[in-house]
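In what follows, a structure is listed as structure tokens, so that the remarks can point back to it.
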Amino acid sequence: MITIGRLAAYAGVSIKTVRVYHAKGLLPEPARDASGYRRYTAAHAVDLLKIRTLAEAGVPLSRIKDLGDATPEEVRAALHDVDRELTARIKRLRETQRRLRRLGSGPVHGLPSDVARHLEHLPELGFSARWVAMETDLWILVYATHPELAAESFRDQAQALTDPGLRQLYLDYDRAHDLDPADPALDALADRIVTATRRRYGPGPLPGLDAPSAVPALIQSAVNAESPAWRRLDGLLRARLIPGT
């Protein structure tokens, strides 16, 4: 007969793990002997090894319990499912590994080089550290969630900053962060932005407001969360640019 300590050693687990398996109903508890100790058999050791192997393969304990009374065919089918899940998990891990390696070979944030250069250049144009940090976070988010749309959205913004008048609007937007939401300066800024927007895009769809792309909405929602003044400014722009808002 085998003690619980010896059983655990045979299977390469801790005594605590054996007791957890008992508590969860995975491993039946043997009766106690006259001295009050539980004595295990070789069958218990085999069962414990099977449980440990399945658990190490990532099979949930609840699923292992269900396999306890399963037929050999059911066990094989279940293990086949586990094998498929492991294959999918390995694929995801390898993709994560590839992303990490790409991050390790480039800028820490993993953004395209032209985006990284753009962000590094913003302070020279007069943008605040707060704005640069926000822009960095936003482009990381956009490129991670909508890579197929991010490049076009970035090119649109980068091109706008090459125009002195449009660049000044961005700078004024940055500086409006700390304004009181009721400050009339926000109304004046909204009027200037509307005029510049219509001049640039005409009466058609506006990529920053009513375009079907998810990227502008994603960016604007994050910007609005930064400042009550920015949130009100967005509301003013929508009221002026999108009928019915």
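The values are calculated or read from the model by the stated rules, or taken from the named source; none is laboratory data. In this text, all values refer to a predicted model and were calculated from it rather than measured experimentally. Note that we place each Cβ from the backbone using ideal geometry, even for glycine, and neighbour counts take in every protein chain shown. The accessibility values were calculated without ligands, DNA or RNA, using every heavy atom of the protein model including side chains. Shrake-Rupley method; radii C 1.70, N 1.55, O 1.52, S 1.80 Å.
The table for this structure:
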| quantity | calculated |
| --- | --- |
| Every pair of residues 6+ apart whose Cβ atoms lie under 7 Å, when the first sits in segment 49-76 and is closer than 16 Å to Ala11 by Cα while the second is aromatic (Phe, Trp, Tyr) | Ile51/Tyr21 |
| Qualifying positions in segment 9-65 - assigned to a helix (DSSP H, G or I), in contact with a Leu (Cβ under 7 Å, 6 or more places away or on another chain) and within 25 Å of Thr87 (Cβ to Cβ) | Ile51, Ala55, Leu61, Ile64, Lys65 |
| Residues located in segment 166-202, provided they are surrounded by 15 or more Cβ atoms within 10 Å (Cβ to Cβ) and β-branched (Val, Ile, Thr) | Ile193, Val194, Thr197 |
| Pairs, first closer than 13 Å to Glu135 by Cα and touching a residue at least 40 places away in the same chain (Cβ under 8 Å) in segment 150-167, second among the hydrophobic types (A, V, I, L, M, F, W, C) and surrounded by fewer than 13 Cβ atoms within 10 Å (Cβ to Cβ), C-beta under 7 Å, six or more apart | none |
| Breaking point among (1) within 39 Å of the chain's Cα centre (by Cα); (2) open to solvent by 50 Å² or more (accessible area, probe 1.4 Å); (3) modelled with pLDDT under 80, for Thr71 | (1) |
| Segment 41-67: number of residues that are open to solvent by less than 70 Å² (accessible area, probe 1.4 Å) and charged (D, E, K, R) | 3 |
| Residue that is farthest from Leu119 (Cα to Cα), among those in segment 146-165 that are under 29 Å from the mean Cα position of the chain (by Cα) and either among the β-branched types (Val, Ile, Thr) or loosely packed, with under 11 Cβ neighbours inside 10 Å (or both) | Glu148 |
| Residue pairs meeting the criteria (Cβ under 6 Å; at least 6 apart or on separate chains; first closer than 17 Å to Ser14 by Cα, in segment 27-45; second open to solvent by 70 Å² or more (accessible area, probe 1.4 Å) and among the basic types (Lys, Arg)) | Arg38/Arg32 |
| Selection from segment 210-238 of residues that are at pLDDT 90 or above and assigned to a loop (DSSP other than H, G, I, E, B) | Ser227 |
